[in-house]
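The values are calculated or read from the model by the stated rules, or taken from the named source; none is laboratory data. Values in this document were obtained by computation on a predicted structure and should not be read as measured data. Virtual Cβ from ideal backbone geometry, glycine too; neighbours counted across all protein chains shown. For the accessible areas, the whole protein counts, side chains as well, though only heavy atoms, and no ligand, DNA or RNA atoms are used. Shrake-Rupley method; radii C 1.70, N 1.55, O 1.52, S 1.80 Å.
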Amino acid sequence: MTKTKGTKITIGIICFLLMFMVTWQIRTISVSESEILRLKNENELRDEVNQWKDMYNLAMDKNSELRSKIEEYQNASSESNATVALIKKELDEANLLAGLVDVKGPGIRINLDDTKAINQIAIEAGWYDPNVFVIHDSDLLMIANELRAAGAEAISINGQRISSQTEIRCVGPVISINGAKYAAPFVIEALGDADYLTSSMSLRGGILDSLKQASIDVTIDKEEEIIIERYNRALTNKYAKPFEK
Amino acid sequence: MTIAIVIGCILGALVGILAPTIPYQYSKYTAVAIMAAFDSVVGAITAMQQGNFNMKVFVTGFFTNGLMSIVFTMFGERLDVDIYLAAIFVFVDRIFKNISIARRCFMENKEKKMKE
């Protein structure tokens, strides 16, 4: 074994490389481990969400199945008797008024979307309050109210029919409608006299106008024929009982 | 000799601590390279005990083993075969064999010296 200067330096370099790689690797692994744990946690949560979604879909399927069964019974009984047929007709009308059937007719479609691009820069620069540039539950409520006032016979927001028991409520960053949660963009469909609805919605100083002032993207489309789906949950009365004088 | 080893180790540890960490997916390559390096070092120790240590063989072995193991790992990644497992198996196998050989040689050398 020669103990020259060159040998020593070579051995030193080799030791340096080996130790360097070992410490490097240990540090990389210790840093990554926490990341892997975090990813795992995220995956588990995602699985859970998917499971709940499946359960929700299953319940919805069952719901529609039962609904069709009820219809079947109603049809079957109405065929047999004239009085029952009359009752059936009344029931159909009541369902129509309560929003329990899909309806079709002329109407308007309002598209709302949060402010993008240019104002985003302004918000980041701190010139404006970002709350001004997003659609709130109160905006949707006022629009629904305005549509009712203009004679809309059926209204839906993102496919959720506005019934007598529908809520439009702020739940943190999203808006809950019929228990389903939505964020922008919103599509509001209203069935009624399309011209009248359009003109009353585009009033100066009206709700849509003030939203436009806040740079929210608003478009109103007149439609020859729109289909508004029925209220997809059951209308329930737990406390209200009919009262006769 | 000892001073060179100690200084090399300390400097290596320091640089390793200060260097930025690599992304997790590349840590496999470093791990295989580390095992190759260990294999070379243990091989060198064995050769020293046997008295046929050659500096050139050691240095070239150190680098070629490390690089080739990384190349094979990458190749295996492309082919979707865990070649790095085979590489680590071979390295660890050789490390243990060399350690046992070095141990025997070391004890024999000691006994010879005692007799002398």
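Taking the alpha-carbon centroid of each part, what is the distance from the range B:41-90 to the range A:1-55 in angstrom?
20
Sticking with the crude label model, points 7 Å out along Cα→Cβ, report the distance from A:Lys5 to B:Asn54 in nm, one decimal please.
2.7
Can you give me the convex hull volume of the Cα atoms of the range A:127-245, divided per residue and expressed in Å³?
Looking at the range A:127-245, the number lands at 150 Å³ per residue.
Using only alpha carbons, build the gyration tensor for the range A:1-96 and give me the equivalent ellipsoid semi-axes, biggest first, whole Å.
They are 83, 10, 7 Å, listed from largest to smallest.
Please state, as a whole number in µm²/s, the translational diffusion coefficient that the Stokes-Einstein equation yields for the range B:24-115 at 4 °C and 1.567 mPa s, with Rh defined as the Kirkwood radius across alpha carbon pairs.
91
How much net charge surrounds A:Ile143 when only other residues with a Cβ under 13 Å from its Cβ are counted (Lys, Arg +1; Asp, Glu -1)?
Result for the local shell: -2.
Angle check, please: helix A:137-149 long axis (alpha carbons) against the longest principal axis of chain A (alpha carbons), in degrees 0 to 90, nearest 10.
It is inclined by approximately 20 degrees.
Using 0.36 nm per residue, how much length does the chain from A:Ala184 to A:His136 gain when fully extended, once their Cα-Cα distance is taken away?
Result: 16.3 nm gained on full extension.
Suppose we compare each residue of the range B:60-103 in its chain alone and in the full protein complex with a 1.4 Å probe; which ones drop by at least 10 Å² of accessible area?
B:Phe62, B:Phe63
How large is the dipole of chain A about the Cα centre if only Lys and Arg carry +1 and Asp and Glu carry -1, each at its Cβ, rounded to the nearest 20 debye?
For chain A, the charge dipole is close to 1540 debye.
Could you go through the range A:166-183 in sequence order and give the Karplus-derived ³J(HN,Hα) for each residue, using 6.51 cos²θ - 1.76 cosθ + 1.60 with θ = phi - 60°, rounded to whole Hz, and x for Gly and Pro?
In residue order, the calculated couplings are 7, 10, 10, 9, 6, 10, x, x, 10, 10, 8, 10, 6, x, 8, 9, 9, 10 Hz.
Buried accessible area for the A:B pair, summed, 1.4 Å probe, in Å² rounded to 100?
2700
In whole Hz, what ³J(HN,Hα) sequence does the range B:87-96 give by Karplus (6.51, -1.76, 1.60; θ = phi - 60°), x for Gly and Pro?
4, 5, 4, 4, 4, 5, 4, 5, 4, 5
Semi-axes, largest first, in whole Å: what does sqrt of 5 times each Cα gyration tensor eigenvalue give for the protein assembly as shown?
Output for the protein assembly as shown: semi-axes of 80, 28, 16 Å.
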